[in-house]
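Okay, structure first, notes after.
The values are calculated or read from the model by the stated rules, or taken from the named source; none is laboratory data. Bear in mind that the values here come from a model prediction, so they are computed numbers and not experimental data. Because the Cβ atoms are built from the backbone with ideal geometry, glycine has one as well, and the counts that use them run over all protein chains shown.
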Amino acid sequence: MESLLKEAMGQNRRTLSEYGSSRLLAAYGIPTANGALARDWDEVKKAAAKIGYPVVLKLCSPEVSHKTESGLVAVGLRDEADLKTAFKRIGKASPVKNADCLVQEMVKGGRELVIGMVRDPQFGPCVMFGLGGIFTEVLGDVTFRPAPLVESDAMEMLMEIRGNKILGAVRGMEAVDLDSLVQCLMAMGKIGMAHEEIQAIDVNPLIIRGNSPVAVDALVILNPSS
């Protein structure tokens with residue numbers, strides 16, 4: 001991970017690519033969606049076949065952070081025909097020439113959360129948790145703690161959000177594995193403590209598949225002054 005961050009800082013990048021961001025999370029034990037980086041149609045096709053349909057296809061470039069709003073993400077691709085159509089569309093819409101693509105498994109779950117880290121000038125790295133997906137900005141149901149976290153800190157965060165009942169057994173869904181969520185939050189704090197060159201991390205959504213969290217979309221923002 002040190003080489004990944006060092007290379008990005010050396011190139012004066014403001015962010016890691018989504019693939020690079022996911023690698024960083026995985027290195028700290030945060031479960032991430034299975035995915036593969038692909039440079040052309042042949043690699044995209046092979047990656048999808050290996051991962052198994054349905055898949056998600058995304059543009060993957062550190063120069064583009066808000067992909068969904070720009071039409072650079074295609075979800076629920078059921079077969080090679082769907083994949084090829086999406087590959088062509090994303091290629092035409094891409095503002096970056098010859099950018100890589102990320103082929104990712106389609107993670108399904110009825111609950112979406114958000115976790116993250118932001119480096120505050122006064123408190124240092126702070127860990128964030130709340131309701132994710134489209135509800136993050138609409139409801140603003142999030143809570144923060146300065147890093148490092150112990151288990152009791154992380155568990156308090158889970159119970160602090162107004163919508164904490166979503167973590168229980170609701171609408172036929174099993175209760176979320178809170179211990180796994182706690183470990184994700186503690187890992188986020190460890191990243192913030194270990195890497196001053198990281199300004200912020202945004203994982204949204206963190207989908208609950210069955211009862212376990214999976215990071216589906218991640219963005220690491222770098223601190224150019226570090």
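To keep it simple, each residue is scored yes or no on (1) free of Cβ contacts under 8 Å to residues at least 40 places away in the same chain; (2) part of a loop (DSSP other than H, G, I, E, B); (3) among the polar types (S, T, N, Q).
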position: Pro125; (1), (2), (3): no, no, no
position: Val138; (1), (2), (3): yes, no, no
position: Met157; (1), (2), (3): yes, no, no
position: Val176; (1), (2), (3): no, yes, no
position: Gln199; (1), (2), (3): no, no, yes
position: Leu206; (1), (2), (3): no, no, no
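In the stretch 140-161, how many residues are farther than 15 Å from Ala187 by Cα and surrounded by fewer than 12 Cβ atoms within 10 Å (Cβ to Cβ)?
2
Mind checking whether some residue in the stretch 143-161 is more than 30 Å from Leu59 (Cβ to Cβ), among the charged types (D, E, K, R) and in contact with a helix residue (DSSP H, G or I) (Cβ under 6 Å, 6 or more places away or on another chain)?
At the first step, the residues of the stretch 143-161 found to be more than 30 Å from Leu59 (Cβ to Cβ) are 143-161.
Narrowing further to those that are among the charged types (D, E, K, R): 145, 151, 153, 156, 160.
From what is left, the residues that are in contact with a helix residue (DSSP H, G or I) (Cβ under 6 Å, 6 or more places away or on another chain) are 145, 151.
Within the stretch 143-161, one or more residues are more than 30 Å from Leu59 (Cβ to Cβ), among the charged types (D, E, K, R) and in contact with a helix residue (DSSP H, G or I) (Cβ under 6 Å, 6 or more places away or on another chain).
Return a yes/no flag: does the stretch 15-25 have any residue that is in a strand (DSSP E or B), charged (D, E, K, R) and buried (at least 20 other Cβ atoms within 10 Å of the Cβ).
no
Exactly one condition in (1) more than 17 Å from the chain's Cα centre (by Cα); (2) assigned by TED's automatic domain parsing to the domain that holds Ser17; (3) of a type in the set (Ser, Thr, Tyr) is false for Thr85; which is it?
Just one mismatch for Thr85, condition (2).
Scan the stretch 164-174 residue by residue and report those that are assigned to a loop (DSSP other than H, G, I, E, B) and among the charged types (D, E, K, R). Outline the logic, then answer.
Going residue by residue through the stretch 164-174, those that are assigned to a loop (DSSP other than H, G, I, E, B) are 168-169, 171-172, 174.
Correct list: Arg171, Glu174.
Could you list all residues from the stretch 172-226 that are within 24 Å of Val56 (Cβ to Cβ), small (Gly, Ala, Ser) and in contact with an Asp or Glu (Cβ under 8 Å, 6 or more places away or on another chain)?
Hits for the stretch 172-226 are Gly210, Ser212, Ala218.
Do we have Met186 as loosely packed, with under 15 Cβ neighbours inside 10 Å, in a helix (DSSP H, G or I), at pLDDT 95 or above and not assigned by TED's automatic domain parsing to the domain that holds Asp82 here?
In short, no.
Within the stretch 34-49, is there a residue that is in a loop (DSSP other than H, G, I, E, B), in contact (Cβ under 8 Å) with a residue 40 or more places away in the chain and either of a type outside the set (Phe, Trp, Tyr) or not assigned by TED's automatic domain parsing to the domain that holds Ala215 (or both)?
Of all residues in the stretch 34-49, those in a loop (DSSP other than H, G, I, E, B) come to 34, 39-40.
If we keep only those that are in contact (Cβ under 8 Å) with a residue 40 or more places away in the chain too, we end up with 34, 39.
Within this subset, residues satisfying the condition of being either of a type outside the set (Phe, Trp, Tyr) or not assigned by TED's automatic domain parsing to the domain that holds Ala215 (or both) are 34, 39.
Within the stretch 34-49, one or more residues are in a loop (DSSP other than H, G, I, E, B), in contact (Cβ under 8 Å) with a residue 40 or more places away in the chain and either of a type outside the set (Phe, Trp, Tyr) or not assigned by TED's automatic domain parsing to the domain that holds Ala215 (or both).
Could you check the stretch 177-213 and list, in sequence order, the residues that are farther than 23 Å from Met106 by Cα and among the basic types (Lys, Arg)?
Within the stretch 177-213, Lys190 is the sole residue that qualifies.
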